[in-house]
Amino acid sequence: MEPILRIRPAALAGLLAVLILAPAQAAEVVLSGVPTSSSIVIHDAQETLRDWCRQDSQGALWLVLPGGMTFELVTSTTDPAISNPGDGSFHAFDVDEVRAALAAVRYPLAGVAAEVFILPYPRRAGLTSAAGPGLILLSPGVYPMPGEQQHAESIHELGHVVQYARLPDHDATSWSRYRTLRGITDVSVYSDNAAHADRPHEIFAEDFRALFGGPLANSTGNIENAVLTPPTQVAGLADFMLSLSEPALTVTLGARPNPARGLVLFSRKGSALVALDLFDLAGRRLATVAPETFSDGVRWNWDGRDESGRRASPGVVFARTRDGSSSARVTLLP
């Protein structure tokens, strides 16, 4: 399963800045045992086709993602891009299987938010499922897919989302620790340009599936790279991955009890200087706040106004860092 266009998190920042957090048509899954700040929004195949696909003047169908990134979709199994037509139809992931796969995950996902698009047709630019920061695209098969396959792919792609959020490429120290634990320090063998099974991102996603996915996601007992030691047998690997906890996003109200009439201060530990986006319940971006450094980490000061300078309307406002690693919610009172 390829990362989307193999684009690094920084290149996807513009796209992910406007990801819809809670659209009315979407199914929100709050994973069992995970705080409510963790949510995954699933768009089933019917909704994806209805609300996120557009046909151009030449009759081609395009997936138009939040932020404007587009992918042409292959709508027929007779298209030359499809080497195996299967039974003549495309078979999308079952939204209930995806929900069940996510609910079975045994990993602390507090603050990890993502949108899952179940595709009715595959992307011409990449026929397989894919993931990026805060985003998963699940591609259909040419035969009905067994539940085990749907679980395995869903959790593998979730592993990519977790990696982008918790082990970003710029964190050289943590990557060095991971590579050493995993025995993949030889960059001439294990790199982004290597064979698929030898790419560190893919190894991490498979480790995540094997260590923290449910029984159906691990029904085969195997990982893609059969040369590597099974992750369950690597001492310290699970503990390392669990240690990649998100920096908590703390909310401090500048005017009590009503933050709509004063400053709202968001802060977290760490040094990553990324923008903070504010969204309303409909997923519309209200404002973007630049980060500031302070003695204990990073902070963002929001004056309760939208980008046009108007006071934000009363209601729930979602805040999320541009890298997708931290989130919070604030209720603005009348």
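The values are calculated or read from the model by the stated rules, or taken from the named source; none is laboratory data. Quick caveat: nothing in here was measured; it's all calculated off a predicted structure. Cβ placement follows ideal geometry from the backbone for every residue including glycine, while neighbour counts extend to all protein chains displayed.
Going by the structure shown, is P108 under 30 Å from R166 (Cβ atoms), modelled with pLDDT of 95 or more and not aliphatic (A, V, I, L, M)?
Here the answer is no, as P108 does not meet what is asked.
Which of the numbered conditions does E47 fail, given that it passes all the others? Conditions: (1) touching a residue at least 12 places away in the same chain (Cβ under 8 Å); (2) part of a loop (DSSP other than H, G, I, E, B); (3) not aliphatic (A, V, I, L, M).
All conditions are met except number (2).
Looking for something closer than 18 Å to Y107 by Cβ and either in contact with a Ser or Thr (Cβ under 6 Å, 6 or more places away or on another chain) or of a type outside the set (K, R) (or both) - is there at least one such residue anywhere in segment 186-194?
No, every residue in segment 186-194 fails to be closer than 18 Å to Y107 by Cβ and either in contact with a Ser or Thr (Cβ under 6 Å, 6 or more places away or on another chain) or of a type outside the set (K, R) (or both).
Out of segment 294-334, which residues are exposed (fewer than 14 other Cβ atoms within 10 Å of the Cβ) and under 14 Å from F279 (Cβ atoms)?
Result: E307, S313, V316, T331.
Suppose we keep only residues that are part of a helix (DSSP H, G or I) and among the acidic types (D, E) within segment 76-113. Which one would you say is surrounded by the most Cβ atoms within 10 Å (Cβ to Cβ)?
E97
Kindly list, by first and then second residue, each pair from a residue in segment 207-225 that is farther than 27 Å from S191 by Cβ to a residue that is part of a helix (DSSP H, G or I), limited to pairs with Cβ atoms under 6 Å and residues at least 6 apart or on different chains.
L216/G147; L216/E148; L216/H151; S219/E148
Are any residues in segment 84-109 free of Cβ contacts under 8 Å to residues at least 60 places away in the same chain and either within 13 Å of R123 (Cβ to Cβ) or touching a Leu at 6+ places or on another chain (Cβ under 9 Å) (or both), and if so, which ones?
If the condition is that a residue be free of Cβ contacts under 8 Å to residues at least 60 places away in the same chain and either within 13 Å of R123 (Cβ to Cβ) or touching a Leu at 6+ places or on another chain (Cβ under 9 Å) (or both), then F90, A92, E97, V98 are the ones that fit.
Can you spot a residue in segment 197-205 that is aromatic (F, W, Y) and either more than 25 Å from V298 (Cα to Cα) or touching a Gly at 6+ places or on another chain (Cβ under 9 Å) (or both)?
Yes: one or more hits.
Need a quick list: helices (runs of 4 or more DSSP H) entirely within segment 166-268 having at least 1 residues that are modelled with pLDDT under 90 and under 19 Å from the mean Cα position of the chain (by Cα).
Because the criterion is at least 1 residues that are modelled with pLDDT under 90 and under 19 Å from the mean Cα position of the chain (by Cα), the helices (runs of 4 or more DSSP H) in segment 166-268 that meet it are 237-242.
Take segment 273-293 and flag every residue that is surrounded by fewer than 18 Cβ atoms within 10 Å (Cβ to Cβ) and outside any strand (DSSP E or B).
L273, A275, L281, A282, R284, A290
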